[in-house]
1. Packing-wise, with mean Cβ within 10 Å as the measure, how do 220-228, 205-213, 100-108 rank, highest first?
2. Could the peptides 42-49, 17-24 be put in order, highest first, of the mean number of other beta-carbon atoms found within 10 Å of their residues?
3. Taking only Cα atoms and a 10 Å spring cutoff, compute GNM fluctuations for the chain and point out the largest among 195, 232, 161.
4. With unit charges on the beta carbons (Lys and Arg positive, Asp and Glu negative) and the dipole taken about the Cα centre of the chain, which residue among 132, 26, 165 sits farthest to the positive side?
5. Obtain the nm distance between the two label points defined at residue 164 and residue 188 by a simple spin-label model: each point lies 7 Å from its Cα along the Cα-to-C-beta direction.
6. What do you get for Rg/Rh of the chain when both radii come from the Cα atoms and Rh is the Kirkwood radius?
7. Most mobile of 40, 14, 165 per a Gaussian network model of the chain (Cα springs, under 10 Å)?
8. Dipole magnitude of the chain about its Cα centre, charges +1 at Lys/Arg Cβ and -1 at Asp/Glu Cβ only, in debye to the nearest 20?
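What follows is calculated from the coordinates using simple rules that are stated; it is not laboratory data. Because the structure is a prediction, the values reported are computed rather than measured. Neighbour counts are summed over all protein chains in view; Cβ atoms, including those assigned to glycine, are modelled from backbone coordinates with ideal geometry.
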Amino acid sequence: MKKHAFTLIELLVVIAIISMLLAILMPSLSRAREQARTTVCASQMRQVGVGIYNYWTVWNGHVPWVESPMTNTKFGRAVTQVSDDQCNPFDRQRWPLSLPNVLMPTHMGNDKRVFACPSAIRGWPRAGGDFQYTYRPAAANQPNGVVTREGTYSREFFGFLDGRVLRRFMPEYNGDALNDTLEYGKTRGTYLRDLIAREGPAVVGPHFKGINCLNRDLHVQYRDQNTITRDLAPNFTDAGAQF
């Protein structure tokens with residue numbers, strides 16, 4: 001009987017073809033995987049948004065007052081100077097007014113996993129292992145330890161979870177240029193967003209270098225790297241996981 005077998009040349013050709021197909025498909029598969037993680041992150045932010053809305057309805061139009069170790073500490077030092085235990089946002093004794101402790105379990109259940117983005121590049125704990133908390137809330141306190149004055153830029157765009165009465169979430173445009181600009185500006189503030197890092201003059205997020213954020217109108221929005229660099233670079237300092 002005549003035997004059939006691959007020659008060495010044929011085998012090398014098959015291997016080369018498979019390698020080429022993998023080289024073509026791997027970037028697409030990697031992008032699809034990251035897109036799935038981005039979708040999971042957005043879904044988690046929507047759950048937090050539901051929690052904020054539920055709080056708002058229960059407390060007669062008040063948003064939560066939030067103090068967070070991801071923006072500040074109670075110890076008068078930068079976040080990088082204290083231990084992970086002291087920065088634990090789920091610690092109800094040290095941080096009773098952190099966003100998770102304010103919302104869970106009454107307003108959004110008790111699943112801590114919603115506060116950890118699957119693509120996070122920064123978060124808590126910093127000492128290694130899987131991140132358990134990876135978002136920057138709009139806590140009333142700021143990284144320098146000062147509760148900023150009402151009406152200031154920092155308060156209105158980065159720290160407006162300050163117990164204020166919020167009559168509505170959606171902007172009200174009326175055709176007046178000044179009013180509409182101010183209304184649009186308010187929507188740029190975020191209740192929650194991914195923590196970021198820095199690469200030279202640019203800031204970098206976990207989703208294709210951009211971030212997901214829960215806007216002030218309670219919609220989840222993706223912002224690309226150019227946008228977040230314009231938004232955040234002037235206020236960014238590389239000081240641990242506080243941003």
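1. So the peptides 220-228, 205-213, 100-108, ranked by packing, come out 205-213, 100-108, 220-228.
2. Ranked by mean Cβ neighbours within 10 Å, highest first: 42-49, 17-24.
3. Largest GNM mean-square fluctuation: 232.
4. Most positive-ward Cα: 26.
5. 1.6
6. Rg/Rh for the chain comes to 1.14.
7. Fluctuation is largest for 14.
8. It comes to approximately 460 debye.
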